[in-house]
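The values are calculated or read from the model by the stated rules, or taken from the named source; none is laboratory data. For clarity, every value in this text was computed on a predicted model and none was experimentally measured. Neighbour counts run over all protein chains shown; Cβ positions are idealised from the backbone, glycine included. When the accessible area is computed, the model is the full protein with side chains, heavy atoms only, and any ligands, DNA or RNA have been set aside. Shrake-Rupley method; radii C 1.70, N 1.55, O 1.52, S 1.80 Å.
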Amino acid sequence: MDKGSVLTHILKSNDMSTLLGGELPVSVISNNKYISPLTAEAQAADRNGEEDPPSLDCAIHTALSGEIKSVILVGPEGSGKTTALVKLVMGWAKGEHLQKFSYVFHFRFRELNSLDGALSLETLLLHHQSHAPPESVPLLLQKPEDVLFVFDDLDRYKHSLDPSVHTLCSDPTRAASVPCLVASLLHGSLMKGAAFVVATRPTSGLEFLSGTRVKVLGFLKPQREAYFSGFFTDPAVAKKALMHMERTLGFYDVCASPKFCWTVCSVYKSLMDAGAKLPETLSQLCVDILVHLIQTLSLNNASSRDLVLALGKLASHCFLNQHSSCTKEEMDSFGFQQFLTSVGVFLHVEGDQSDVFSFRSQLMQEFLLAASFFLDKSPSEGVEKMLEKHKGCVKFLDFFMSGLSEPLQRRPLENVLGELNSDRIVDFKSWFKSSSEKTLKECYKERHHRCFHLLHQAQSESLVKEIITPSDHLASALSRGLTKELDLSNSRLGDEKFKILCAGLRDCKLHTLKLLVCRLTEGICEHLASVLTSATSQLSVLDMRCNQIGDQGFTTMCKALHSPHCKLQELMLQNCELTAASMEALSAAVCSGQSQLRKVDLTHNVIGDRGVETLCKSLQHPLCKLQSLNFFDSELTGACCPHLMEALMSEHCSLTELDLSVNDLGQEGALLLCQALSRPGCPMEKLGLKRCELTEAVFKELSSVLRSGMSQLKSLIVGINAVGDQGVKHLWDAVAHPNCLLEELDVEMTGLTDACVEDMCAAIRASKTLKSLELRNNTLTDVSVPALVEVMQDSPNMKEMNLKYNEFSEEVFDMLDECDTIRY
C-alpha cells in the first residue's frame, strides 16, 4: 500500500475549520497543536498520583500492538475521537507506529450511509479507497491479519449492526449490500483476523459490538491549560481566558471537549480583541456565538429570523426522531430553500450531491431550539409540553430558555433577529416559578442543583428573590427550622451559583453548611461574610475544605467573626491555600470578644512557624475561646514549640484539642510541649503528634505526664514515630497507672514486635479507661494472636483494637474472628 498516497489523501481534505465544527484534525496535527485526550483509565491513574497517566493514543497503540483485534472508542461529541483516529492513520503512513499492519483503511460511517446497491468488499476498497493500488487488493484480502480498518462516527450510521438482520458473508469477492459488508466485517465473518478501531458517541449500536472499550473523556484541566497556552500567543491572555472559562463554565462536562475549547477560545479572542466583556454564562456564550454567525451571513433581520426558525424546526425534528442528519427534501419542508448556501456555518454538508445535512454542535442545536421557540409568533403548545416532548433528548434546553427569558441576556440577539415572543417568555417564567417552588419543597439535591443552574443562567437578582424568597422553597424550609444542615459537597457549585444561594441563606436557621470541594474562590467570601453577620443567622458549623479561598478571602471572612451576630463555632479550612499571612486576621478575630469560634481546622495549609506564633498570642488572651486547633501537615518545625509551650502554660488558654501531626517537630520541640502539658490545670484532652520525628526520650516524658495526676489527656496519637518496643513500653507503663485517663491510644507504625505484647496486655488489663488501641502497620505475628484475643475478651472497657497490616497469616483469621472488637 502506498503510504504516501494515504497521507496525501488525508492532507487534501476539502473540509474547513469552523467556529462550531472545531479546527480541522489535519490542521491540528500538522501545526503541532495536537494534545491527546485522556481516557477514564488515565483519569483513575492521575487520581492515584501517577505522574504520566496513559493518553488515548497510548491506549490505542498498546491494544493494537498486542493480541487485541478490536478497539472501540466511546466518548461524547467533540471529545477528540476523530482527531485521534486521523493522527493514528497519519502516524502509520509516516512510519511512526503500528508498522505490523501493511494496510490501513479509514472509513466514516456517515459516508457509508450514501452507498446504495450491492458491491463486494474488493470493489469497496478499490473504488472508495483510491489510494489502494488495484494489484494489492487481492493480496491483502488473503492476509487479513495485515489489515487495520478504522471506522469513525458509528453513531451516525443509519443501518443496524445486529447480525440477526443480515445474512453475514465471508467471501470478499462476493457482492452484497454495504450494511451487510459492514456487519460481516465487524462481526468477523469477513476478513477474519483483521484489526478494527471504531469510534462513536454512546449509541444503541454498541450492544452488537465486542472488543476492548476505551472511554474517551477529552480534556481535563491540565490539557485545557496546555490547549489555551497554545491557542493564545500571550501567556497572560491565555491565563485570563482559561481562568474565565473555568470560573464560568468549568462545572459543565462540555468543557472537556477539545472542540468546545476551540469554540470558546475563538469567541474569547474575538471579544478580547474588540475590548468587549466575556460571557458569564453558557447562555451568554451561545448568544455571542449565534450573533457572530448571523452577522457573517449579512442577512437582514427578517431573513435571519426565518433562518433561525427553520434551524429550530430542524433541531426539534432531529432530536425527536433521533436523526443525526437530514436530506435536502426534509430541509425544504422546514423552509430552508433560500438558505441552502448559508447553512454551512451551522450545519455540516456532505454527500455526493451536497444533500445530507447535520448539526456541527449538539450544544448549538439545543440553543437554536430554545431561540426559535421564543421567536415563533404562532400559538404555543406551552413550555411544559415542549420540554416534556424533548425530555431525554436534550441536556441544556431549559438552561437556554432561562437565559433568553431575561431582557439583558437576550438583547444582543434581538438586535439581529427582532423581538422575541413576549407571551412565550411570560409562559416560561410562570412555568419556571411554579416548577422551582415545587422542586425546592422536595429533598432531592440534584433537582435543587438544577434549579440553581437555571437561576444562574438567568443572571437576575430579582428572579432569585422571586423564586428563592417565597414560602415552601429551600431557604424558607431552612428558616422555619425544617432543616438544620445543608450539604452541597462535591457539587461543582462554583462562585456564581453560591452567590445566588446566599440570597436564601441570609435569613435561614441553618446550623451546619458543608461546602467541601465546591470550586469556590475568594470571590465568594464577601457574600459568605454577609450571611455570617446576618442578624438572623444561626450558622455554627462551616466546612470549606478543599476550596481556593486563599489568604485574601479568609481575611475577609475573619471580619465577620467580629460581628456580635456571627455565631460560628466550628470552621474547617483544610487545603484552602492559606499561609501565615492570614493568621493575623484570625488571631484578631478570636480575641475580639465577639467571636464564638471554638474549633479551627487548618490541615494541609502552609501556616508555618510564623503563623503558629501569631495564633499562640491569641491563645493567651482572656477573651479567646478556641478549644480545638488542627495544624496537621502545616509545614511546622520545632521552632514553633516554644510559642506553643508559652500558650499552653497560660492560665487563659482553653485548648482541649491540638493536632500537630505530620510536622517535623523533633525531640527538642516535643519535650517543650510535654513540659507545658505538665502544668496543673492544663485542659488538653486530645493531642496528635503522628509522624513528628519523636524519639524514645519524648515517649518517656509523655509517660511521665500521663502518670503525673495532672494530665487530662484522653486521646494520644503518636503513630509513625520509629521508637520501637522500648519507646512504646513507656506508654504501656503509663496506661497501667491509675492516674492515666487515656481512652484512645494510637501507636501505628512505631516498630512494635511480638516482644511488646506481654506489657501491652498487662496495661490493657490494668486500665479502667482505655477503649481504643490503634496498632496498624506494625510487625506483630501469629504468635501474639492468642494473647491479644484473650485480653480483648477479658477487658469490657475495650471497644476496638485495630491490627490491620501486621504480619498475620490466614491460619489465625478464625481465631481473630472470635473477637468482634478486633479489626484485622
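Data for the structure
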{"item": "Placed amide H near residue 39: partners under 5 Å, 5+ positions off or other chain", "result": "56, 217"}
{"item": "Segment 697-783: trypsin sites (Lys or Arg not before Pro) falling in loop per DSSP and having at most 14 other Cβ within 10 Å", "result": "768"}
{"item": "Net charge of neighbours whose Cβ lies under 12 Å from the Cβ of residue 821, counting Lys and Arg as +1 and Asp and Glu as -1", "result": "-2"}
{"item": "Candidates per trypsin sites (Lys or Arg not before Pro) in segment 69-105, loop by DSSP, up to 15 other Cβ within 10 Å", "result": "94, 100"}
{"item": "Centre separation in Å (Cα based) which lies between segment 156-194 and segment 280-323", "result": "39"}
{"item": "Positive dipole terminus of the chain, leading residue within 530, 32, 343 (C-beta point charges)", "result": "343"}
{"item": "19 Å Cα-Cα threshold exceeded, pairs from 385/438; 313/377; 33/221; 240/395; 313/385; 87/269", "result": "240/395; 87/269"}
{"item": "Average accessible area per residue (Å²) across the chain - probe 1.4 Å, nucleic acids and ligands excluded", "result": "43"}
{"item": "Net charge of neighbours whose Cβ lies under 13 Å from the Cβ of residue 225, counting Lys and Arg as +1 and Asp and Glu as -1", "result": "+3"}
{"item": "Dipole of segment 680-757, positive direction: furthest Cα of 723, 682, 694, with charges on the beta-carbon", "result": "682"}
{"item": "Total charge dipole magnitude, segment 49-187, about the Cα centre, Cβ charges on Lys, Arg, Asp, Glu only, Debye to nearest 20", "result": "360"}
{"item": "Mean-position separation - Cα centroids, segment 690-734 and segment 536-577, in angstrom", "result": "34"}
{"item": "Amide H within-cut-off set for residue 198, under 5 Å, with H built and near neighbours excluded", "result": "71, 72, 73, 151"}
{"item": "Sorted peptide list for 156-165, 29-38, criterion being average Cβ within 10 angstrom, highest first", "result": "29-38, 156-165"}
{"item": "For segment 729-735, Karplus couplings with θ = phi - 60° (6.51, -1.76, 1.60), whole Hz, Gly/Pro x", "result": "3, 4, 6, 4, 4, 5, 4"}
{"item": "For segment 207-223, 3J(HN,Hα) per residue [Karplus equation, 6.51 cos²θ - 1.76 cosθ + 1.60, θ = phi - 60°, Hz, x = Gly/Pro]", "result": "5, 9, 10, 10, x, 6, 9, 10, 7, 8, 8, x, 9, 8, 4, x, 5"}
{"item": "Difference of contour (0.36 nm per residue) and Cα-Cα distance, residue 567 to residue 229", "result": "117.2 nm"}
{"item": "For residue 703, solvent-accessible area (1.4 Å; no DNA, RNA or ligand), Å²", "result": "0"}
{"item": "Within segment 163-275: Cβ-based charge dipole about Cα centre, in debye rounded to nearest 20 (Lys, Arg +1; Asp, Glu -1)", "result": "120"}
{"item": "Relative contact order (%) - segment 763-806, alpha-carbon pairs under 8 angstrom, separation at least six", "result": "60"}
{"item": "Neighbourhood charge, 15 Å Cβ-Cβ cut-off, centred on residue 134 and excluding it, Lys, Arg +1 and Asp, Glu -1", "result": "-3"}
{"item": "Principal-axis tilt of helix 258-273 within the chain, Cα atoms, nearest 10 degrees", "result": "90"}
{"item": "Separation in nanometres of the label points that stand 7 Å from Cα toward Cβ, at residue 704 and residue 799", "result": "3.3"}
{"item": "Difference of contour (0.36 nm per residue) and Cα-Cα distance, residue 136 to residue 652", "result": "176.6 nm"}
{"item": "Value of [θ]222 nm, deg cm²/dmol, for the chain, DSSP H segments ≥ 4, -39500 (n - 2.57) each, nearest 500", "result": "-13500 deg cm²/dmol"}
{"item": "Residues with amide H under 5 Å from that of residue 348, placed H, sequence gap 5 or more", "result": "358, 359, 360"}
{"item": "Added length on full extension, which subtracts the Cα-Cα distance from 0.36 nm per residue, residue 623 to residue 667", "result": "12.6 nm"}
{"item": "Considering only the chain, percent of DSSP beta bridges that pair antiparallel, nearest 5", "result": "15"}
{"item": "Dipole magnitude of the chain, debye to nearest 20 (Cβ charges: Lys/Arg +1, Asp/Glu -1, about Cα centre)", "result": "2380"}
{"item": "Residue among 60, 196, 266 farthest towards the positive dipole end of the chain, charges placed on Cβ", "result": "266"}
{"item": "Sites residue 321 and residue 12, calculated FRET efficiency, Cβ-Cβ separation with R0 30 Å, nearest 0.05", "result": "0.30"}
{"item": "Solvent exposure, largest accessible area first (probe 1.4 Å, DNA, RNA and ligands not counted), of 350, 67", "result": "67, 350"}
{"item": "Using alpha-carbon coordinates, inclination of helix 666-677 to the longest axis of the chain, degrees", "result": "60"}
